[in-house]
Amino acid sequence: MGYAMSTAVVIGGTAGLGRVIAQRRADQGDDVIVAGRDASRAEAVAKQIGDRATGLAVDLSKPHGIEEALAGVGAVDHLVITAIHQNPNTLANFDIDDAVTALTTKLVGYAEAVRVLRDRFTPAASVVLFGGLAKERPYPGSTVVTTFNGGLTGLVRTLAVEIAPHRVNAVHPALIGDSPKWQGIDLSMQVERTPLGRLVTMDEVAEAVDFLLRNGGMNAHDLYVDGGVLVR
């Protein structure tokens, strides 16, 4: 099935799942703006993706600079934000600076990026923000991650009102089996907890993003892509 050409902005698109989503959008015919903290990396990844991609430096942990960083972006059909600052952080060994950076990136940075680009949204534009299953399944070291992913639900619901009639949804993936982040790590325990008998893949999560971007009835929704983990 072909798609009409559109413009997608993927903030956090220089690595991992964001990189897969950016490539997928370009392969489907979108012009893609690949944004990450480092300008040279963003430009290099854009070159790898192809002629439809452009690299851009945007640091969501420094929200006062987001408006200037996005000043050159034109009309936007799709906005996907996967950017994250994620380090283990527990109350027993609490790193305040790291926690502030993580929460600023995920909540303030996400909100500011949507605010800045809102006036450039085309009539059918939509937004997908990334959380994670730690929202529902805390684990040792997830104090901050669980908190900001829980906060993302509130952010999505209020943004759905504030940017109406444009749509905004969140994707909350479980651990992704083919992510480079987990290569060489024993994930058998996580597989046993998944009714599918395997972990979800990056392509499956990217397909869920496509669904949320294009299905006009999906709004203010938390979509869990977890292979059934939450039923156990």
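So the values come out like this:
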item: Label-to-label distance, nm, for residues given as residue 185 and residue 162 (7 Å Cα→Cβ offset); result: 3.2
item: Amide H within-cut-off set for residue 53, under 5 Å, with H built and near neighbours excluded; result: 32
item: Of 117, 155, 187, the one that fluctuates the most in a GNM where the chain has Cα springs shorter than 10 Å; result: 187
item: Cα-projected label distance for residue 218 with residue 94, points at 7 Å along beta-carbon direction, nm; result: 3.6
item: Beta bridge orientation in the chain: antiparallel %, DSSP, nearest 5; result: 5
item: DSSP H segments from the chain that extend 20 Å or more along their own axis, Cα-based, with Kyte-Doolittle mean of 0.0 or above; result: 143-162
item: Rounded FRET efficiency, nearest 0.05, which uses the C-beta distance separating residue 119 from residue 192 and R0 of 45 Å; result: 0.40
item: Computed [θ] at 222 nm, deg cm²/dmol, the chain (DSSP H ≥ 4; -39,500 (n - 2.57); rounded to nearest 500); result: -10500 deg cm²/dmol
item: Total charge dipole magnitude, the chain, about the Cα centre, Cβ charges on Lys, Arg, Asp, Glu only, Debye to nearest 20; result: 260
item: Residue order, fewest to most surrounding Cβ atoms within 10 angstrom, among 106, 47; result: 47, 106
item: Residue among 202, 218, 189 with the largest mean-square fluctuation in a Gaussian network model of the chain, springs linking Cα atoms under 10 Å; result: 189
item: Inter-centroid distance (Cα atoms) of segment 21-80 relative to segment 95-158, Å; result: 18
item: Selected from 35, 134, 124 as most flexible by GNM, with the chain as the system and alpha-carbon contacts under 10 Å; result: 124
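No lab work stands behind these numbers, since they all come straight from the coordinates. Values in this document were obtained by computation on a predicted structure and should not be read as measured data. Neighbour counts run over all protein chains shown; Cβ positions are idealised from the backbone, glycine included.
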